[in-house]
Amino acid sequence: MKIRVGYELIYDFPQPTPMIMVLGVHYTRAPDILVPDYLTTDPALNIAPYRDLYGNWCSRLIAPAGRVRLLGDGTVRDTGLPDVVALSAGQHAVEDLPPDTIVYLLGSRYCETDRLTNIAWELFAGTPLGWSRVQAICDYVHRYLTFGYQHARATKTAWEAYTEGNGVCRDYAHLAITFCRCMNIPARYCTGYLGDIGIPPPSDPMDFAAWFEAYLGGRWYSFDARNNTPRIGRILIGQGRDASDVPIAHTFGPNTLVSFKVWADEVA
């Protein structure tokens, strides 16, 4: 299967403004890239690429005053298979976890483990360890939160999603991540493309998607509390502790987002 992925973002800037973007397909999918999704700009600007602490491809530039268009358009090969389900994947004791997973047990900007630990243990202490526990967390978050774009805001945390009972896909991910960490399961935030392959087309415009990965049985597995079913064509862009580590675009100054388009379509 081939999937065309890309975006077009148009901003207005009142003054020259530095930007950092996390928009390229993740390096772990490099062997699958058929047409690179290179970032291009209008007007043409100097772009400085680098890898961040989590291995994500990032791009730095200085946007001039006025209107700036950011565009990426590529094609990725995909298996066409749904997300892996490994019911037998076990949970590691904390003392046995690899050192590079420990950071994903800790609280972070949007995942307040200190505020949700008691609630998590009340809800999930009786669930089986391992895959079943993570799935129980996803089932709970999927049922508990009410989805709606009107509930979205850039500052919303897992605790606020829990107390308000609503959110968008990133809030579902943040709350599930926090519950996993509270139950001693490393969990990290993921953002990327997720089209409508294998499901009825959504009524809302295409957007970037958020999900999470949990470390079980010696590897990372994808989970999606928002959709709560294995999906086809999940294309990773970035991963980190939470959304603060992988903003699609980080602007260091005032601006207006004029237009926002995202696509992830199967190529016949």
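Going through the range 167-179 one residue at a time, which ones are under 14 Å from the mean Cα position of the chain (by Cα), in a helix (DSSP H, G or I) and either on the phi > 0 side of the Ramachandran plot or of a type in the set (A, V, I, L, M, F, W, C) (or both)? Result: 169, 173, 175, 176, 177. In the set (1) in contact with a strand residue (DSSP E or B) (Cβ under 9 Å, 6 or more places away or on another chain); (2) closer than 27 Å to residue 101 by Cβ; (3) not acidic (Asp, Glu); (4) not in a strand (DSSP E or B), residue 228 fails one condition alone, (1).
In this entry, residue 205 is excluded by the filter for residues that are surrounded by fewer than 23 Cβ atoms within 10 Å (Cβ to Cβ), more than 18 Å from residue 142 (Cβ to Cβ) and free of Cβ contacts under 8 Å to residues at least 40 places away in the same chain. The set of residues in the range 150-166 that are surrounded by 10 or more Cβ atoms within 10 Å (Cβ to Cβ) and within 19 Å of the chain's Cα centre (by Cα) comprises 151, 152, 153, 156, 157, 158, 159, 160, 161, 162, 166.
Taking the numbered list (1) aliphatic (A, V, I, L, M); (2) at pLDDT 95 or above; (3) in a loop (DSSP other than H, G, I, E, B); (4) more than 19 Å from residue 85 (Cα to Cα) in turn, residue 161 passes all entries but (3). Which one is farthest from residue 169 (Cα to Cα), of the residues in the range 186-209 that are in contact with a Lys or Arg (Cβ under 7 Å, 6 or more places away or on another chain) and of a type in the set (A, V, I, L, M, F, W, C)? By that ranking, first place goes to 187.
The values are calculated or read from the model by the stated rules, or taken from the named source; none is laboratory data. Computed from a predicted model, the values in this text were never measured in an experiment. Cβ: placed from backbone, ideal geometry, glycine included. Neighbour counts: every protein chain shown.
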